[in-house]
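Asks: For reference, the structure I am asking about is given below.
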Amino acid sequence: MSGAAATGTFGRASATPDDGRARPWRDRIVGPSDATDRARVQRIGARFVGCGLITFTVGLSPVIAARAELTDPWWPPLSAALVAGPALLVIAATYRPTLRYQTALAALSSVGFLLATALWFVAWDGDVAPGHSWWSVWLVQFPGVPGLVFGMAGRYLLAIGHIVVATFLAQTANQIGVYGHLRPELYLGSLVTIALTCVFLAVAVVTVRTAGLLDETRSAAMDAAATSAASTAKEAERARFAALIHDKVIAILLAIEVGRPRPGLGTQAVTALDELDRRDDEPPEAMTGVDEFVQRVRTAIAATADDVERELSINRSASGRYPGEAVSAMIEAMCEAIRNARRHAGAGASCLVVGDFRADRVTLAVVDDGQGFDPDRVPPERLGLAVGIRGRMTGLAGGDVEVRSEPGRGTVVIVKWVRDGGS
C-alpha cells in the first residue's frame, strides 16, 4: 500500500483543512504553535507592537480631531488608516502558520507611517497650532514604534533607519505646524526620542537572539545525546559480539583435540555460526503470525486512543510470519504517530489507521485531517517524530518511514517493513 492510497482511503486528510470552529477559544487567541523559541518570540513581539500602534491611533483620536483645522480634511482619516491598517495586517499575520511575510509587513508599516507624515506637508493649510501648544502633528508622539516590527523580524539596521528617519521627519512637520518655521535646537529632543526608542529595540534584539541561541543550544544538546546514544549502542553490540566469540567460538576451538572430534562438537559449531549470522535479528522462535500481528495492532490502537478508526487489510494469498522486532517496532511507531495526532492535530481532528499485511511486507499508515505541519521545520527536541518514529523504523532491518504533511492539510505517517529479498 502506498502513501497515496492511505490518503485516498481517508480523503479528509487532504481535502478540507480544519476550519478552526471546533478549536478552543484559547487556541484561536494564542494562534498556531511554533517549532522554535525564536519564532514564538517574534510572533508575540510583532503582535504586541501591532496592538501598540492601534492603541496609539485610537487613544490619540481626540488629538487628531483637535488639530484637524491645520490640514485639509482628508489627511486626519488617511493618516490614521496608514498607521492602523498595516498594524492590523501585522497582527493578522501572526496567526498564520509561518512568519515568512513579517519583514514585508514591517516595511509596509514603516512606509505607511512615513507616507502619512510626508503627506502632512501636502495637506498643511499654512496655519500654526493655537496657544502654547508643543505639538501639531499627532505622529510625533510615537515615530519609532513601527521600526520595532523590523526589530522583531531580525532586520535591525532597517529598524534603526526607520527610527532615525521617522523621528526627524515627524519633528520637522511638528515644528512647522507649531511655529511656522524650523528651530534647530529642538532637534535635540529628537535625539532623546531616538535613544529611548533604541532602548526598546535593544530589548527586542536581545530577546530574539537569546531565543535563537536557546534553539541552537538545545539542538546541539540533542545531537550530542543522539551521538552518545549511538556510541553506547555500538559499544553494547561490540561487547555482546565479543562475549559470543568468547563463550562460543573460542570455547569450541579450545575443545578441538587431535583425532576424532567429540560427539556434539559439530552441532555446537553450527549453532555458534547461526548465532553469529543472526546477531542483529530476532531468534527464530520470536516470530509472529499475521493474525496475532493484526490483533496486536487492534489492541494497541484501542489502548492508545479509543476514538481512532481503523481499516486493516490482510492478504491471504500467502501466510506470513514476521520477526518480533519488526512487529514491536511498527506497533510502537504507529502508537507514537497516533499520540502525535492527538496532541498536535487540533481539537475536532479525526484519525484513521490503515494497515496492509502481506507475506513479504507490512504497511501501517496513521492519517489525520488536522492542522498539519511542515516536516522540515520540526525542532530536534521533538523526540516523538525524530526518535519514536523515524529513529525506530530506520534502525530496523527492512524498516522505513514516510511523513507527508503541510500546514492546514492534515498529516499522513506511513511506517513500512519489507522482508529481506522483498521487492
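Every read-out reported here was derived from the displayed coordinates using simple, explicitly stated rules and does not represent laboratory data. No experiment lies behind these values; they were computed from the predicted model shown. Here the Cβ is made from the backbone with ideal geometry for all residues, glycine too, and neighbour counts use every protein chain on show.
Asks: As I understand it, the dipole of region 87-231 uses +1 on the Cβ of Lys and Arg and -1 on the Cβ of Asp and Glu, about the Cα centre. Which of Gln175, Ala104, Ser136 lies farthest toward its positive end?
Replies: Ala104
Asks: Separate question: Tell me, what ³J(HN,Hα) does each residue in region 29-37 have, in order and in whole Hz, if you take phi through Karplus 6.51 cos²θ - 1.76 cosθ + 1.60 with θ = phi - 60° and put x for Gly and Pro?
Replies: 6, 5, x, x, 7, 10, 7, 9, 5
Asks: With charges only on Cβ, +1 for K and R and -1 for D and E, what is the dipole size of region 303-369 about its Cα centre, in debye, rounded to 20? Walk me through the numbers on the way to the answer.
Replies: Numbers: 8 positive and 11 negative charges, 43 e Å.
So the magnitude is around 200 debye.
Asks: Given +1 on the Cβ of Lys and Arg, -1 on the Cβ of Asp and Glu, and no further charges, what dipole in debye does region 85-221 carry about its Cα centre, rounded to the nearest 20?
Replies: Computed about the Cα centre, the dipole is about 440 debye.
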